[in-house]
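The values are calculated or read from the model by the stated rules, or taken from the named source; none is laboratory data. Everything numeric here is computed off the predicted structure, so don't read it as measured data. Using ideal geometry, Cβ is built from the backbone for each residue, glycine included, and neighbour counts are taken over all protein chains shown. Side chains included, ligands, DNA and RNA excluded: accessible areas come from the protein's heavy atoms. Shrake-Rupley method; radii C 1.70, N 1.55, O 1.52, S 1.80 Å.
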Amino acid sequence: MQRPPGLLVTIPLCALALLLAAPATPRAQELAAVAPGTFAALEQEVAREINLARTRPAEYAAFLEQLRPLYNGREFRRPGGPALLTEEGVGALDEAVGHLRAARPAPPLEVSEGMCAGAAALVKDQAGSERTGHKGTDGSFCEQRVGRFGSWAAPIGENLSYGAETARERVTALLVDDGFANRAHRRRLLDPSYKVVGVACGGHQLGAVCVITLAGGFTRKPAAGQAPSGARKY
């Protein structure tokens with residue numbers, strides 16, 4: 001029985017953290033070998049799932065409720081998958097459901113190309129390796145990486161997800177936030193103070209890494225002779 005924190009491997013905001021990672025599964029090894037360009041669909045799906053949770057939180061709570069029968073104490077067992085030992089068991093799921101049901105809808109995040117470029121810098125840094133965490137090999141954190149492509153407005157934060165899971169499974173794990181007392185991953189995804197997001201995914205020894213970087217705003221540095229580029233919605 002294996003235990004990745006938070007059901008997925010997730011790490012707190014812009015700080016280096018220790019990771020208890022399960023050995024790579026065959027599916028994870030397969031994803032690690034996939035060409036980077038093929039992750040575009042996953043990136044779009046992650047952005048859509050985040051915006052669905054923000055704009056229709058009660059509906060997303062219903063998705064989470066469907067997971068309740070998969071818990072047996074602290075054990076979580078997806079059909080066809082290995083058993084995972086969570087830290088909090090079904091209590092964390094129930095808390096997330098209650099939070100989403102009580103939450104007011106928040107505006108959707110705009111997906112910014114410059115923010116995506118900043119997220120992609122960490123994906124590239126960790127591609128095909130076992131490295132995890134928010135600190136790049138050059139010592140950078142999300143603020144510095146996003147700043148290479150333009151000017152961001154506070155607040156700024158970053159969620160990471162490692163594994164072979166679908167976009168919905170990744171976002172669900174971040175919302176449940178098992179084992180993280182401050183529920184910082186959930187708060188960032190739902191906080192209306194965040195207006196823009198960048199999502200980048202790529203191959204990793206744990207399957208795939210998805211970097212989700214959020215900010216209160218972003219203005220991209222224009223190329224020579226061009227006006228600043230805007231944002232797009234998924």
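Some notes on this structure:
- Phi angles across the stretch 216-222 convert, under the Karplus curve 6.51 cos²θ - 1.76 cosθ + 1.60 with θ = phi - 60°, into 3J(HN,Hα) values of x, x, 7, 10, 7, 5, x Hz, Gly and Pro given as x.
- For the stretch 142-151, Karplus couplings with θ = phi - 60° (6.51, -1.76, 1.60), whole Hz, Gly/Pro x: 4, 4, 6, 5, 5, x, 5, 10, x, 10
- Note on LYS124 and ALA153: the extension gain reaches 8.0 nm, defined as 0.36 nm multiplied by sequence separation minus the Cα-Cα distance.
- Of the trypsin sites (Lys or Arg not before Pro) in the stretch 147-199, those whose Cβ has at most 13 other Cβ within 10 Å and which sit in DSSP loop: ARG148
- In Hz, Karplus ³J(HN,Hα) per residue of the stretch 93-110 (6.51, -1.76, 1.60; θ = phi - 60°; x = Gly, Pro): 5, 4, 5, 5, 4, x, 4, 5, 5, 8, 6, 7, x, 10, x, x, 7, 8
- Per atom type, the stretch 112-234 shows carbon and sulfur on 51% of its accessible surface, probed at 1.4 Å.
- Whole-number D in µm² s⁻¹ for the stretch 63-119, Kirkwood Cα-pair radius fed into Stokes-Einstein, 4 °C, 1.567 mPa s: 93 µm²/s
- For the stretch 123-173, fraction of C-alpha pairs farther apart than 16 Å, in %: 53 percent
- Modelled label positions at LYS221 and ALA102, each set 7 Å beyond Cα in the direction of Cβ, lie 4.4 nm from each other.
- In terms of its C-alpha gyration tensor, the stretch 58-214 has an oblate overall shape, because the principal axis ratio a/c (a ≥ b ≥ c, square roots of the eigenvalues) is not below 1.5 and a/b does not outweigh b/c.
- Cα pair distances of the stretch 88-171 binned at 5 Å [whole percent]: 3, 10, 17, 19, 18, 14, 13, 6, 0
- Average projection area in nm² (convex hull over Cα atoms of the stretch 39-138, one quarter of hull surface): 8.5 nm²
- Comparing the stretch 182-225 with the 2.2 N^0.38 Å rule of thumb, its C-alpha radius of gyration ratio is 1.53 (two decimals).
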